[in-house]
Structures are given as C-alpha cells and as structure tokens.
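Taking it in order: structure first as structure tokens, then the write-up.
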Amino acid sequence: MAKISVDGVEYEVNPANNLLQECLSQGLDLPYFCWHPCMGSVGACRQCAVKQYRNADDKTGTVVMACMTPASDGSIISINDKQATDFRSHVIESLMISHPHDCPVCEEGGECHLQDMTQMSGHNYRRYDFKKVTHRNQDLGPFINHEMNRCIACYRCVRFYDDYAGGTDLAALGSHHHVYFGRHEEGTLENEFSGNLVEVCPTGVFTDKTFSAHYTRKWDLQTAPSVCAGCGAGCNTTPGERYGTLRRIVNRYHHDLNGYFLCDRGRFGYDANNSTQRVVETLFRHLQGEDGEVRKALTSTEAARQLDAMSSGELIGIGSPRASLESNMALRQRVGTQNFFSGMSDAQLSCATEVIALLQEPGLNCPDIRTLEQSDCVLVVNEDITNTSARMALALRQATRNAATAMAQSARIPLWQDAAVRELAQHSRSPLIILSPQGTRLDDVASDTFLGTVEQQIALVEGITYAIDADCPASTSSFNFDAQAASIAKQLCAATRPCIVSGISAESIELIRATGNLARALREYRHRQSEVKLSVDLCFAMPEANTMGLALLMREGGGSLSSALSILGKGAADAAIVLENDLYRRAATEAIDAALAGNTPMIAIDQLHNGFNAKAHLLLPAASMAEQGGTWVNYEGRAQHSYQVFQPEGKIRASYEWLVPSNPVSGPTVHGDTLLEELAAESANFAPLLELLSSRTGIAALMKSPRQSHRYSGRTAMHANEHVHETKQAQDPHSPLSFSMEGMLLQKDASLMSAAWAPAWNSNQAISKFQEEINGELKQGNKGVHLLARDGAQRPYSKVEYVAEEGIAKYFIDQLFGSEEISAASPAIQARAVPAYACISHELAQSLGVQQHGLLRLSTNRYSVELPVLIRDRIAAQCVGIYCGSDVSRADLTGKLSVAAVAQDSNVLASSRAMFSSLVINDTLPREG
Amino acid sequence: MLRLIKDTLTTQVVTLWRVFVHAFAKTDTVEYPDVQPQMAARWRGRIILSRDPDGEERCVACNLCAVACPVDCIALQKAEDDEGRWYPEFFRINFSRCIMCGFCEEACPTNAIQLTPDFEMAEYVRQDMVWEKEDLLINGTGKYHDYNFYRVAGKKIGGKDKGEAINEAPPVNVRSLLP
C-alpha cells in the first residue's frame, strides 16, 4: 500500500496502479476517455490531467496525465488545481470542435460518457467558428449503427475490438484529422463481441441498431438485474423494458463472470421476446379432435381449469434445461419425482452428470471466467468455445496474454502501460492448445492446434495423460499421437496455473472421461511437485442457461428422456406436461413421433411456437427470462437469481405459475421463493440456495429498490390513450424490487442494482462508483451461490471405452448465432445465422466428387437430408461436420452415416454461395509466434 | 364618547357614498366568452407541436420534454424514416395532468414543442383531454420562425447529406494522404 495526497487529503492506494485508476477507486471524479479498466492506459485523450507536486515545498507543480503516472508512494497531486481544470476544459473543447450537435437524435444521449465528461470539465459554449470535419458512415451489419461524425478519436474501439477481442475487421484508418474508425469496406462486423463497442465507445459512434429500432432513453427503461439465457456461462445482464416490450440488453458487471463484456448472442438475442413466434395465447384442442383441428384460445382461468382436468391420474413431466430451477421444481412437485424426466437428450444428461461428478472431486477446481483469464497454459478439448460459450472464449484470449504479463513484470513495466506491454511482448503468448475437429475462432492466438475427430482427440488426450502419469490405464485406441502428446504434456506440467477447458456439445461421455483422467493425472503430478496441494483448473461449457441446474436436479431422482418417450409411446400415462422444450431438438424425429402416436394428452408450456408444441393438446404461454424471476445454475454450479424486469401482458405467466396450485381470483398461490425453500429443504445439495433467499430479507424486506430510474418519464401519459385514469402500479410483494420509481435509490446490494447510475455518471461507466476498487468486487455484491461442493471423493481413473463410430466420422458444429433456440428467433440474430450445412475437407470433397457450396446427401438408415457443403482448409481428414440449425434434428443423424454428392444446378450453387458468404469461420493458420 | 359617535357616523356615510359612486363606475367584469381577452404572446397555454421552415415535423422524439415534465404527462416513441430522420411514432400529452409550466418548451432542442396563448381547453369528459400527435401538430413554425434543427445537426437525413449542414466541411476522403 502506498499513500498519496489528493488535494490535501491522504489516501491509501495500490502503487501497482496508475493515478487515474486509484483516484476513481477512491470515488473521486476525474474525467477520462481512452483509459478502460480492462484495457489499461495509452494516454491518447489527455483528459485526465492533474497537477503533480514534487514534494511538500513544491508550490508550482507540473501537469501530468493521471492515467500515465504511477500511484507511487508519497505522490502529491491536485485534481482541483486551476491549471489542471483549465487544461481539462481546453482539452474537451478541442475534442468537441467537430462534434456534430446531434445529441437529440443520438442513441447514446442520456447515457453518454462524453456528455458526462463535458459537464464535468465545465465546457459549455462553443467558441470555434470554423468548419466541422465530417465523415461518411458505414453499414456495419444488423447489430451496430455507425455515426462517425461523433468520434473523438480516443481509440477505445480498436483497442477493444482488435487488441482485446481479436477482431480483424475494424481499424483506425486515415491520418491526422481524417482519422476514421471503421472497416476497410462496408460490411458486417465479424467479431463475436462487436456489441461491446456500444458500451466501450464513450460517445455515439457505435450504437445498438436493434435498440434504435425501438429506441428509449436510458432513464425511461424499466430494468432489473438479470442473467443471460444464451448459454451456460451465466453472464449478468440488464434488460430494459418500455411500453410492454423488451427494448435492449446491456452488460451488468459481475466480478467473477462477465466483467465488462457480453457476447453478441447475449446482447442481441433479447429480441426473441418481441418476436412473432411468441406464444401469447392459451391454445386447446380436444383429444378426440382431428389432427388438423385448429386449437382455440381459452381464458387464463379456463386454461388453468383445463390443465387441472387433464392432469388427473398418472401424470408425467418432462423438464427443461432452459427453464428456471423454480419451474423445473414446480413440475417435479406436480408430477412426483419418479414421474419427472429430464428434458435433455440422454447423452447430454449422462455427460452433464459425469461433469458434476468430476467437478466435485478434490483438487479439480472449476474456474470462473475471471480465473480462466489467469491461466498460463490452456488446453481446449473439442469444444468450439467461441460458438458455445463465447464469453469464456474471450477470457481464454486474455489468458494467452499472461506471457506478456510475465515479461512486463520482469522488465518492471507496469501492466496498465498497455501499449508498452504489447510492444514488449510482440507475439509472445502463453500456450493455448486447441484440439478440435475444425479450425476455431481462437486459432489465431493458439500456440498449438490439433485437428482430429473426437476419437482421435480422445487418443491424444489419453496420450497426454500417459505422458504425465505412466500409471494411468492404457489407451485402447488404435491412434498414436505420442510426439504431440509429449509436447502438450510438457507445457501443461510446466505451467503454474494450467487449465483444461471442454464441454458437452460433442455429447461424448468418453471424451469427458478422458479429459477428467487428464485432469487427475495433472493433479497428481502437481501434488508430487509441491508441498502445497495445487489444484488443476477444469471446466466444461454448458449449452443452455440451466443445463447444470437440471442435471443437478436429476441427481435427486427422475428418469431419462428416452424412458419418458417410451412411456408415452405405450400410452401408459394419463397425461404429460412438457416444460419449455422442443423435444424434436432433443431426440430423433422417429422417437418423438412414436411417443406422440401413444395419443397421451399433451400439455406444453413454452415461450415460442415450435414443431413440438404445435402438436400439444394444450399449449400455455411461458414467460421469458426478462418476464419472470428465476434461478439459474451456470457451468461452474453457481446459482444466480434473475429478477423479473416487467410483467408480461396478456396470458403469459412464468412456467411455474401455471404448475403450482392456483386460485381463480388471486392467481398462483405458491411463489418461486417457496419452491426454492422446499428444494433446499429436500436436498442438501440445494441447501445453499437459502443464501440466495436470505439476501432478500433484512433491509431488503423493509424497503424496496426501484426498477424505474428517478427520472422515469411519462407515467401519467403512457397508458392515457387507453384510460385517462392512471392504474395502480403493479405490485411485487415477493421480490425486493418495486415496479415504480419509489424505493431506496442508493444500492444496498449490488446484485439488486437495476442499472448503473451515479450522480454525474449517466453511462455504464458509473459502475466504478459501485466497485470496492476499480475492476474489483461490487460493494455488498451477491455473486450467487455455489451448488457444487468440492468435497466429493477422489476417484480413480475412469475407464474410457471408445467404440469406433460406424460409417464416416462426424461431428456437430455449433454457431453462436443460431444454435441456441430462443435467441435464434431474434431478427438480428437471424440476419447473422445460416441454415444447416455440412463441412468437409478438400480431400474428401475430391473423393466424393462434390464441389464447393454444392449439395451433399447425408443419410442414416432411417433418415436422409441434403445439405449445402462448405469445403474447409482446416478440418480433420475423412470426417464430416454438420451444423443443424433449426432445420435438421441432430438426433436424426446419429448412428451410421454415409455421405454422397448430389447433382445440383447453378441456382442452388449460387444461393448456397450467398449463404456461406455471411458465415464467419477461421481457416487461417495461427500467426507465427 | 362624542368623538366615537362622530367617527362612526362619518365612516358609515363615507362607505355608503363610495358604494353609491361605484354604481356608476366602468365595469371590471369581462363578458367572456362574448368578449375574448387579449393574451400575451408569451402566455403559457395549450401546447402545440410545430413544423420547421421546410414544413417538416420539428419534433425529433428526443424525449427531453417528457423527462423535463414535472407531472410526467408527455409520452412518446421514437421512430426513424428510411433516410435517418427521427420523428415521434406517437406523441401524447395528458392535458388533465398538465400544469402549463412550460418546462417542455424550455427543454426542447428543436423548438418543436411550444406553449400558445390559448387556454380554452375545458372538457366534459376527462378522456378527451388526452391529445395525440394529430391533435397537437400544427402546420406552421409557431413562435420561432427560422430554426431548423437538422440544418445544424451533423446527422444525414433525406435532402441533406453529410457535410451540408451549417458550418460543416465536405466529408473527408479517408484514403487521401494530403494534409
């Protein structure tokens, strides 16, 4: 700790940081633009000038840039010194000389860092009379609007997009006052994190295009703390609502998880909420009716009564990995544990169960996303992490910078000196080893890549395990990659914080077992090396928001999906309730159709219309993530609560509200909290959930926190067209938030922080006022509770019995835009998504006689489909990659697969070429290290 | 005692005289509505939305009037035409809540919303005091004749390209290396 004096007041600060960061950590207001807590300083904007004095006798001092000056012990500075404040006001005046006077028509207005800093620096009136520089804009695709006139050339966009997120298609172009931030030509910004430009840009150059289409000022949005439904990473978000529709999602800082950044699926997938595919009616058709009979709408009361009538007798329930714990719990209570079945495919459930067992072993530590960034050697096994859990991929990209960190530390360069650290490191990176069937989007920073089928990868992983611990069970595989295995093993053993990252998207339990064995071998090696029992970081990406939650719930009892389908097929149940699930995505079409042929009364509860719930006898509309409160368990077993942002209109209800006993007048009689309490009481595994609840007692129970900002406008006019008398504010007796402006504005608990706002800080950068220190934990933050106790028994090596696949080897591709069911209904995501396709290598294409973008027929013994083909440079030989999208069921293509070329005309070729042009893949080899 | 009687009588007589004289004074009562009062131009009465000198809607749906409104009686939604011009999709004022404070007019960056000297807004049905954009928008510039926000702002709209606003240089050619 060092002591510095700011305007005569002494502060204890961390000397490893710069003055700007430490001043902000102390809650002082000092304007800045180019500095970012995650990206360090470059000293480009000159806005954070302060006066520094040499010693107590020095009365003159010198003006220095706070972001470029270390907070060394004994520093004496002044923020309020006349010369420093004059300097800052002149700097902002010069930054503003070409600013286009369009705040009223700028989407950033009202949450603009430039507006805040201009106010703070005291620049009010324009004195510059000469012409303003203007720029032409570019069309940057469906996500981002470009308005280059507003730029103040702080370089934050390219530093985030290129340096931090690894993008290649945004650059600083031109020179002097022609400097231009854009693409070399118009086109979609390809990087998966482009949406963060909206928050990174301190002004309105990059704004959210989907938000602009139904624009609302920040102060008019009703917001609540929420969790992203896009994948199993559990990033924290702030969705905003106005006039009954969801308007946007922005990042909500979580120290351990997403930090300051979200992926584009999480940010732009929200629009599915407003999609025409939404189920808004309760639809019913009689059991005896014809298949083609149109379902008729019921009132909510009729629907609840119908549900009760249908669900008498022997009832079975099928859960969902994209429904909240509460909803799954309510279903389980309604049908009984023995009649509760997992909504995941059987393979997925067994994989997730195996992952849970692994993560509970002592010495195997499941890292949160921030810890991932600290790994100095990462091995990615099979998972295309950028497309399944993108925020984790961004963390892995940062992990490769740990070599640079180490170099900077030995050269005594402070880490916040971003440009200097990058200059010193050049292309030195920490090892990132990627095993994958095809080139991935992380390949550009990978130190080593291995292209192979799942079987080959298992062989390699077993080889690495053997190289670390020769006592491990021998591999049964016919492949041998000993040389590569030895080199990877050496790197893993040499690392101080090695990390193994995989996932369950391959649905191969053998792969997970092999990966687990490798982690065990590495753990034993590290235990031998050191007195302190060093752990090994091991994590598995989860595809859906509550995959982990459901898998944990299934541990308590219940059956697999296939057993549910066979019960249905036999007609052995009197009715079935299917919770938020398109079963055609979970099992083979044949199996589902056979189950439906049992003609069991089928009750579906879902958000979007899909192929399965179209056949349900009773379809009930379910609330989306933003429309309900719920608890979600992420890939590390962290349960987090998301709060209801707004009450959905019409008949939409949270799934559990349909399932719990209901009163015709007052509605559902059991609240979500009660369900969680019962779950925690029933099972020791879920007991920590009570901690999530306890945050809602105490002061939170006495005074509510507002969902609306203190300047929420239009309350007496919003609904005046319907009825001039204002209706009573919606009540929310069970949560610590209120649907109004009333309540405690100051945040008592950062996990209840609806939107970051502090006096004079209207943009999301206000978050620094709620952190213990910059980049640190949120004050009084509730970070969620861990449901996976690390106290399982140490298990011996698992036996990997890999049965070689019949027919041609295949793997399934995930796409960030399209693979997740709900976000795929968002128009902006749809604009980036591609239909189903297949991928093969040049050699295979040649032997099959199929040309680039031609058609390939994939057939199993019961199913056949023709898909456009993409011939890739970087793909494992003799195997086919299949992206299913929403058109093809993955389960249909399991089993022995054969492929053949299909003759096609030029029209088909042209249309599939157009389709592939929007696909972003990485087929270049890693840059030379 | 005598003095008291005298004073009392005198004041009563004077009062009676004054009342009598007042019977012949010019009447103060205005025969409204037969006689219309002359309102000052700056009077804060019925709110209108004006058009710019080119005849286009001035309101750009920036929401500043709504947020300035102390009784929150303005609600609107932004929309954008094909060429980038912002306008309100709907614009609603609940006059049964309006207190005619004029903050909306002061907040308006485009001079779109203006208060007029008209105060005759009473209705028998309260619902009729909710005015939509169609009711508010007039075909003129109102009190401020010359101001056209989009001529000053740098955003490109139909009929005004980049660099064509007041005090703007033509768009730079990024590929040029000239100083």
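The values are calculated or read from the model by the stated rules, or taken from the named source; none is laboratory data. Note that the coordinates shown come from a computational prediction; the quantities given were computed from them, not determined experimentally. We place every Cβ from the backbone using ideal geometry, glycine too, and count neighbours over all the protein chains shown.
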Original post:
Is one or more of the residues making up segment B:142-156 modelled with pLDDT of 95 or more and of a type in the set (A, V, I, L, M)?
Top reply: no
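Only one of these is in contact with a strand residue (DSSP E or B) (Cβ under 9 Å, 6 or more places away or on another chain) and over 30 Å from A:A323 (Cβ atoms): A:H184, A:H214. Name it.
Matching residue, one of A:H184, A:H214: A:H184.
Here's the yes/no breakdown for (1) in contact with a Gly (Cβ under 6 Å, 6 or more places away or on another chain); (2) under 29 Å from A:A591 (Cα atoms); (3) aliphatic (A, V, I, L, M):
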| residue | (1), (2), (3) |
| --- | --- |
| A:A616 | no, yes, yes |
| A:P621 | no, yes, no |
| A:E636 | no, no, no |
| A:A639 | yes, no, yes |
| A:E649 | yes, no, no |
| A:S662 | no, no, no |
| A:A684 | no, no, yes |
| A:L689 | no, no, yes |
Note on segment A:191-216: residues in a loop (DSSP other than H, G, I, E, B) and over 16 Å from the mean Cα position of the chain (by Cα) are A:C201, A:P202, A:T203, A:G204, A:V205, A:A213, A:H214, A:Y215, A:T216
Out of (1) at pLDDT below 95; (2) over 13 Å from the mean Cα position of the chain (by Cα); (3) in a loop (DSSP other than H, G, I, E, B), the one B:V60 does not meet is (1)
Does B:E120 qualify as being modelled with pLDDT of 95 or more and on the phi < 0 side of the Ramachandran plot? no
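Go through segment A:711-762 and report how many residues are of a type in the set (S, T, Y), in a loop (DSSP other than H, G, I, E, B) and either in contact (Cβ under 8 Å) with a residue 24 or more places away in the chain or surrounded by fewer than 19 Cβ atoms within 10 Å (Cβ to Cβ) (or both).
Of the residues in that region, 6 qualify.
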Given the conditions (1) within 14 Å of another protein chain (Cβ to nearest Cβ); (2) at pLDDT below 85, every one holds for A:E726 apart from (2)
Original post:
Being of a type in the set (S, T, Y), within 14 Å of another protein chain (Cβ to nearest Cβ), under 23 Å from A:C151 (Cα atoms) and touching a helix residue (DSSP H, G or I) at 6+ places or on another chain (Cβ under 8 Å), is that true of even one residue in segment A:79-99?
Top reply: yes
In segment B:1-41, anything under 24 Å from the mean Cα position of the chain (by Cα) and surrounded by 10 or more Cβ atoms within 10 Å (Cβ to Cβ) is listed as B:Q36, B:P37, B:M39
Going through (1) closer than 21 Å to A:T223 by Cα; (2) crowded, with 20+ Cβ neighbours inside 10 Å; (3) of a type outside the set (D, E, K, R) one by one, A:L579 fails only at (1)
Quick check: anything in segment A:554-575 buried (at least 23 other Cβ atoms within 10 Å of the Cβ), of a type outside the set (V, I, T) and at pLDDT below 90? yes
Within segment A:210-227, residues of a type in the set (S, T, Y) and either within 8 Å of chain B (Cβ to nearest Cβ) or free of Cβ contacts under 8 Å to residues at least 12 places away in the same chain (or both) come out as A:S212, A:Y215, A:T216
Output for Cβ contacts, cut-off 8 Å, separation at least six or different chains, first residue farther than 15 Å from A:G439 by Cβ and assigned to a loop (DSSP other than H, G, I, E, B) in segment A:914-925, second basic (K, R) and at pLDDT 80 or above, reads A:S918/A:R832
B:Q77: passes all of (1) within 8 Å of chain A (Cβ to nearest Cβ); (2) without any contact (Cβ under 8 Å) to a residue 24 or more places away in the chain; (3) assigned to a loop (DSSP other than H, G, I, E, B) but (3)
Apart from one, (1) without any contact (Cβ under 8 Å) to a residue 60 or more places away in the chain; (2) within 25 Å of A:S389 (Cβ to Cβ); (3) of a type in the set (A, V, I, L, M, F, W, C) all hold for A:A891; the odd one out is (1)
Can you spot a residue in segment A:331-352 that is touching a Phe, Trp or Tyr at 6+ places or on another chain (Cβ under 8 Å) and over 17 Å from A:S502 (Cα atoms)? yes
ask   = Would it be correct to say that B:W86 is of a type outside the set (A, V, I, L, M), at the interface with another protein chain (Cβ under 10 Å from one of its Cβ atoms), surrounded by 15 or more Cβ atoms within 10 Å (Cβ to Cβ) and in contact with a helix residue (DSSP H, G or I) (Cβ under 8 Å, 6 or more places away or on another chain)?
value = yes
When (1) surrounded by fewer than 23 Cβ atoms within 10 Å (Cβ to Cβ); (2) in contact (Cβ under 8 Å) with a residue 60 or more places away in the chain are applied to A:L442, the one that fails is (1)
Those helices (runs of 4 or more DSSP H) completely within segment A:222-337 that have 2 or more residues that are at pLDDT below 90 are A:300-310
Of those in segment A:105-151 that are out of contact with any strand residue (DSSP E or B) (no Cβ under 8 Å at 6 or more places or on another chain) and either within 11 Å of chain B (Cβ to nearest Cβ) or within 19 Å of B:V172 (Cβ to Cβ) (or both), the residue surrounded by the fewest Cβ atoms within 10 Å (Cβ to Cβ) is A:D129
A:I829 meets each of (1) β-branched (V, I, T); (2) over 26 Å from A:S624 (Cβ atoms); (3) crowded, with 20+ Cβ neighbours inside 10 Å with one exception, condition (2)
The condition of being part of a helix (DSSP H, G or I) and away from every other protein chain (no Cβ under 14 Å) holds, among B:T29, B:T15, only for B:T15
Got at least one residue in segment A:578-594 being farther than 23 Å from A:N365 by Cβ and part of a strand (DSSP E or B)? yes
Condition set farther than 17 Å from A:F193 by Cα and in contact with a Phe, Trp or Tyr (Cβ under 7 Å, 6 or more places away or on another chain), scope segment A:234-243, selection farthest from the other protein chains (Cβ to nearest Cβ): answer is A:P239
